[in-house]
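The values are calculated or read from the model by the stated rules, or taken from the named source; none is laboratory data. Just so it is clear, the model here is predicted, and its values are computed rather than measured. Because the Cβ atoms are built from the backbone with ideal geometry, glycine has one as well, and the counts that use them run over all protein chains shown.
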Amino acid sequence: AQKVTQAQTEISVVEKEDVTLDCVYETRDTTYYLFWYKQPPSGELVFLIRRNSFDEQNEISGRYSWNFQKSTSSFNFTITASQVVDSAVYFCALSKFTGGGNKLTFGTGTQLKVEL
Amino acid sequence: DTAVSQTPKYLVTQMGNDKSIKCEQNLGHDTMYWYKQDSKKFLKIMFSYNNKELIINETVPNRFSPKSPDKAHLNLHINSLELGDSAVYFCASSLSGTGKNIQYFGAGTRLSVL
């Protein structure tokens, strides 16, 4: 069975601080995908990134960066110089690698509050 | 142009009623999904259809019946609504096949059962 743990329920930071959201996963599969989604206060779910399990290269996109470590089963997400617009619930998710229609197994989410 | 659109956005109804939520995607995807987000924001898969065929059905009460008239549409019908059905329901779509499975979500339908 697949499982995703986001131990941080809520994080509050002051604007311009860096913040890291933790994600730890469990799976018996040797290949799989990991995802991050953002849910702003307006409620929609916005795709941020997908990473496959055999690509451990870290990724940076603007102020966002992701650190994937297979050895510790972690896929952490860092926001540099946070902004108020980053306030949202962030979900980490896991899916199987092969086949179609693979379900996403989500973590419980981390509520990020960025204050002025 | 909304990629995955759900209607209605809000649905308030009485216990025991039957209601439907519609979902349409214009991304050319062949796989569609329904997820339920509960009051604690936990997201869980309910159903998945690939080319109109049901491929995932996760221990959902049979009061919930998905219908896919074509691969661009996936509707969710709920019979005899109960208080515990109150939640946000998200539709999503993706391509099938290895390397193509990014799921894009609709804006959600907030269902309140009174």
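Restricting to region B:89-107, what's the tally of residues that are more than 7 Å from chain A (Cβ to nearest Cβ) and touching a residue at least 40 places away in the same chain (Cβ under 8 Å)? Qualifying residue count, region B:89-107: 7. Residues that are part of a strand (DSSP E or B), away from chain A (no Cβ under 14 Å) and surrounded by 13 or more Cβ atoms within 10 Å (Cβ to Cβ) within region B:54-83 comprise B:64, B:65, B:67, B:73, B:75, B:76, B:77, B:78, listed in sequence order. Screening residue A:9 against (1) within 14 Å of chain B (Cβ to nearest Cβ); (2) modelled with pLDDT under 95 leaves a single unmet condition, (2).
Considering (1) touching a Gly at 6+ places or on another chain (Cβ under 9 Å); (2) of a type in the set (S, T, N, Q); (3) surrounded by fewer than 16 Cβ atoms within 10 Å (Cβ to Cβ), the lone condition that residue B:39 does not fulfil carries the number (1).
Across region B:24-35, the number of residues qualifying as within 11 Å of chain A (Cβ to nearest Cβ) and not in a loop (DSSP other than H, G, I, E, B) comes to 5. Pairs linking a residue in region B:57-85 that is of a type in the set (Gly, Ala, Ser) to a residue that is exposed (fewer than 11 other Cβ atoms within 10 Å of the Cβ), with Cβ atoms under 9 Å and 6 or more positions apart or on different chains, are B:72/B:28; B:80/B:16. Strands (runs of 3 or more DSSP E) fully within region A:1-114 that include at least 2 residues being without any contact (Cβ under 8 Å) to a residue 40 or more places away in the chain: A:46-52, A:59-61, A:64-69.
Applying the condition of being surrounded by 21 or more Cβ atoms within 10 Å (Cβ to Cβ) and in contact with a His (Cβ under 8 Å, 6 or more places away or on another chain) to region B:84-95 and asking which residue is modelled with the highest pLDDT yields B:93.
Residue B:114 passes every criterion in (1) surrounded by 15 or more Cβ atoms within 10 Å (Cβ to Cβ); (2) away from chain A (no Cβ under 13 Å); (3) among the aliphatic types (A, V, I, L, M); (4) over 10 Å from the mean Cα position of the chain (by Cα) apart from (1).
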